[in-house]
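Student: A single structure is presented below for examination.
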Amino acid sequence: MGAGRHDPSGLLLAAALGLAALVARPLVLGQALAAQVRDEATQQEVIVTGTRQADAALTAKVVTVLQDDPYVYAGHISVVTENGIVTLQGVALDSSDLRRALMLASRVAGRRRVVNKIELIPEDSDAD
């Protein structure tokens, strides 16, 4: 071999290795992406299921606390929980019922926040 000549087998080998790397890279990336999507989907399912069960348990606790309290008429109050946020909805006939219902709900362990959507309608008001 002279100084001006190149070995064609070396160039051919380099080209083959480069092509193999280009072909293998999308396969590896595709497998990694599929594994990541599968892992994320599994985690989301667990979180959603766990949150629903926790919300249902929290709603049951708040309803029980309101019904067991002798000073609150809970017949017109409903409880909805979503992502740990307890929402009280309905009607209260006096301000002490309203305040006590909110206080009792805020004392229940596990809740993140209590939202008041109770409308105060005093008994002596003239509702047409």
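Rundown of residues vs (1) touching a helix residue (DSSP H, G or I) at 6+ places or on another chain (Cβ under 7 Å); (2) buried (at least 19 other Cβ atoms within 10 Å of the Cβ); (3) in contact (Cβ under 8 Å) with a residue 24 or more places away in the chain, yes/no style:
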residue	(1), (2), (3)
S78	no, no, no
T81	yes, yes, yes
I85	no, no, yes
A101	yes, yes, yes
K117	no, no, yes
L120	yes, no, yes
D124	no, no, no
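Student: Does V108 satisfy being modelled with pLDDT of 95 or more and farther than 21 Å from D124 by Cα?
Tutor: Taking the combined requirement at face value, the residue does not satisfy it.
Student: Could you grab me the full set of residues in the stretch 87-98 that are surrounded by 14 or more Cβ atoms within 10 Å (Cβ to Cβ) and either in a helix (DSSP H, G or I) or free of Cβ contacts under 8 Å to residues at least 24 places away in the same chain (or both)?
Tutor: Within the stretch 87-98, the first condition is being surrounded by 14 or more Cβ atoms within 10 Å (Cβ to Cβ), and the residues that meet it are 87-94, 97-98.
Correct list: D97, L98.
The values are calculated or read from the model by the stated rules, or taken from the named source; none is laboratory data. Remember, predicted model here, so these are calculated numbers, not experimental data. Note: ideal-geometry Cβ built from the backbone for every residue, glycine included; neighbour counts use all protein chains shown.
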